[in-house]
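Trainee: There's a structure below that I have some questions on.
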Amino acid sequence: MRNVVAVPNQKRHGHKILAILLGVMFVLMIAVFVIFSVNTLSLNAEDVQEVNGTITDVQRRQSAYIIAMDGEEYRLLPVVAGEADEDLLQAIIGQSATLYIYPQGEDGDILGFSTTIYSIEKEQGVKLVKDNAIIGCWVFGVITLIILAFEIVYLVKFLKEKDIVRGDVFKLMNTRQLMISQPRQHFLRLSMLPLIFALVFMVPMCIYSETESVLFYVFLGLFLGCFLGCLILMFSLLPAIRKKEIEMTDKALATLSSEENFNAEHSNIVMDVGNFLAYSVEEDGLRYREENEVDFIINTIKNDLPEGEDIEEYRAMIREDIRESKNSPPEQNKKGRKKAEVNYAEGSTLVEETILPYDQLKLTTKVCFRHANELMDIFICSNLKEEQFPTLKNDIFLELTYDLYYFIKKYNIKVEGLDYCLKNRKALMEKYCKCFTGGKEFAYVEFSDDGERQLFKENKNKIKINRK
């Protein structure tokens with residue numbers, strides 16, 4: 001079977017989004033560059049206002065000097081303060097002075113001053129500010145060019161990518177949203193604590209940021225410390241969480257062959273997620289009946305139905321819904337789907353009471369390994385040729401459940417690789433359930449009597465295994 005279908009290219013979508021974001025950043029950078037350049041580089045000495053008075057104090061605060069005059073405080077711009085002589089600045093205390101106000105700065109920012117002892121003339125201050133602005137323009141320019149280069153690269157990638165690509169059915173059926181495991185839920189709650197504290201510390205940090213107070217740096221340190229604590233939690237706890245998830249999955253799969261499972265009641269109705277057809281598992285093969293789909297849905301929801309509800313009434317409603325869905329025009333079904341949703345099984349049909357013998361299906365084991373939550377999803381898959389059952393679009397994919405495993409053992413159905421996969425499940429999870437295995441989020445592996453083969457990789461050679 002081909003097991004492939006035309007799907008929207010998600011990679012193209014990603015390139016498009018990134019190109020748009022880079023484009024927005026590029027426009028913003030240009031806007032900032034223009035505003036910054038026009039406002040600062042157009043500054044002239046004639047635009048500078050003057051304030052006269054007597055200097056009462058000069059203090060150094062961080063990278064600037066605070067000059068007190070007639071009860072008001074003025075800040076000498078850091079770019080100008082870097083050229084000032086600290087000893088001479090202390091000598092101007094008590095002197096009559098003229099302060100040059102920076103027209104584009106905050107209240108109290110000055111470009112320079114003039115006294116009989118020491119002066120930084122406004123022309124010198126304007127020059128220092130403009131020189132600093134030119135350096136800033138170069139920095140903005142370089143960053144803008146880098147963003148423009150990335151924009152062009154991703155725009156070219158977006159234009160080169162095809163709208164529609166071939167998607168593998170086994171991959172598509174494993175893109176469903178997963179339940180977050182209990183250990184990971186505990187971790188998320190724990191990791192929220194430092195983030196909440198970080199938000200709390202951010203409020204006083206913003207309040208004291210304008211005053212250049214020591215408290216600003218205290219709260220900044222606490223704020224950064226909380227984020228650092230979150231990172232430490234992540235790197236220290238995630239390996240332990242992965243280990244716990246492996247143990248939980250290992251215990252869950254161990255119950256497949258438990259005495260409790262073999263003594264329980266089981267339904268022989270299974271859903272083929274490769275073709276969305278339901279079969280009954282029988283001794284000589286898989287039997288297709290239209291009613292099987294109704295039975296499968298009933299078996300899935302009956303434990304959640306309110307006590308005393310009439311199951312037969314639900315059965316009739318489900319049967320009618322299925323019939324309407326199958327009889328509705330294909331165009332109507334397509335309209336009801338999301339844009340990115342693909343019905344890879346559309347068109348798969350079988351005649352009522354068709355038997356699919358196990359010896360023709362040649363069942364093997366395929367596993368989707370994930371790096372988090374549901375680590376190991378096992379599928380029993382057929383290995384059909386194109387001419388076999390031509391009305392099926394894809395191979396048969398049956399997700400391994402307690403019910404299916406019971407009937408596999410009851411009827412002694414041959415499934416290549418299943419026993420080895422279950423026997424070595426823990427070692428296999430440790431091998432394949434790694435974050436972004438092989439550069440991807442999931443690892444897909446096929447098991448057979450000849451060995452194991454990781455799918456969708458350049459090197460697809462089988463790895464021989466010694467079976468005991």
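Trainee: Starting from 0.36 nm per residue, how many nanometres of slack lie between Asp449 and Leu228 once their C-alpha separation is accounted for?
Mentor: That pair, Asp449 and Leu228, stretches by 74.7 nm at full extension.
Trainee: Could I ask something else about it? By the gyration tensor of its Cα atoms, with a ≥ b ≥ c the square roots of the eigenvalues, what is the shape of the stretch 158-266: rounded for a/c under 1.5, prolate for a/b over b/c, or oblate? List each step's numbers first, then the result.
Mentor: Numbers: a/c = 4.17, a/b = 1.73, b/c = 2.40.
Oblate.
Trainee: Let me ask something else. What do you reckon, how do Val129, Val156 stack up by accessible area (1.4 Å probe), largest on top?
Mentor: Per-residue accessible area, sorted high to low, gives Val156, Val129.
Trainee: Related question: Give the peptides 199-207, 14-22 in descending order of average Cβ contacts within 10 Å, highest first.
Mentor: Values: 199-207: 14.4, 14-22: 16.3.
The peptides rank, most packed first, as 14-22, 199-207.
Trainee: Simple spin-label model, 7 Å along Cα-to-Cβ: Ile355 to Lys385 in nm?
Mentor: 2.2 nm
Trainee: Write down Rg/Rh for the stretch 188-250, rounded to two decimals, with Rg from the C-alpha atoms and Rh from the Kirkwood relation over Cα pairs.
Mentor: Numbers: Rg = 16.4 Å, Rh = 13.2 Å.
Expressed as Rg/Rh, it is 1.24.
Trainee: Here is a further query. For the stretch 339-402, what does the alpha-carbon gyration tensor say about shape, rounded, prolate or oblate, given a ≥ b ≥ c as the root eigenvalues, a/c under 1.5 as rounded, and a/b over b/c as prolate?
Mentor: Values: a/c = 2.36, a/b = 1.40, b/c = 1.68.
The shape class here is oblate.
Trainee: Let me ask something else about it. When you take every Cα atom in the stretch 258-324, what is the radius of gyration, and what is Dmax, the widest Cα pair distance, in Å?
Mentor: 13.6, 42
Trainee: Can you compute the modelled spin-label distance between Glu313 and Asp419, with each label point 7 Å from Cα toward Cβ, in nm?
Mentor: Once both label points are built, they end up 4.9 nm from each other.
Trainee: Still on this structure: Could you work out, for the chain, what percent of all Cα-Cα pairs fall into each 20 Å distance bin, beginning at 0 Å and stopping at the bin that holds the largest distance?
Mentor: Bins of 20 Å from zero give 16, 35, 23, 17, 10, 0 percent of pairs.
Trainee: Right, here's the next one. Can you pull the one-decimal nm distance between simple spin-label points at Glu73 and Gln185, each 7 Å off the Cα toward Cβ?
Mentor: 5.2 nm
Trainee: Determine the per residue accessible area of the chain with all protein chains present and a 1.4 angstrom probe, expressed in square angstrom.
Mentor: 59 Å²
Trainee: Leaving out ligands, DNA and RNA, and with a 1.4 Å probe, what % of the accessible surface on the stretch 132-283 is carbon or sulfur? Provide the component values of the computation, followed by the final result.
Mentor: Numbers: 6860 of 9670 Å².
The nonpolar share, carbon plus sulfur, comes to 71 percent.
Trainee: Here is a follow-up. At 0.36 nm per residue, and after removing the present C-alpha to C-alpha distance, how many nm does the segment from Glu123 to Ile30 gain when stretched out fully?
Mentor: Gain on extension, Glu123 to Ile30, equals 30.6 nm.
Trainee: I'd like the accessible area for Glu293, computed on protein heavy atoms only with a 1.4 Å probe and all protein chains in place. Round to 10 Å², please.
Mentor: 40 Å²
Trainee: Right, next: Once R0 is set to 60 Å, what does the formula 1/(1 + (r/R0)^6) return for the Cβ-Cβ distance between Thr56 and Phe276, expressed as a FRET efficiency to the nearest 0.05? Let's see the in-between values first.
Mentor: Details: r = 85 Å, r/R0 = 1.41.
Step by step, r from the Cβ atoms, then E = 0.10.
The values are calculated or read from the model by the stated rules, or taken from the named source; none is laboratory data. Since the model is a prediction, treat every value here as computed from it, not as a measurement. FYI the Cβ positions are ideal-geometry reconstructions off the backbone, even for glycines, and counts take in every protein chain you see. Ligands, DNA and RNA are stripped out before the accessible areas are found, and what is left, the full protein with its side chains, is counted by its heavy atoms. Shrake-Rupley method; radii C 1.70, N 1.55, O 1.52, S 1.80 Å.
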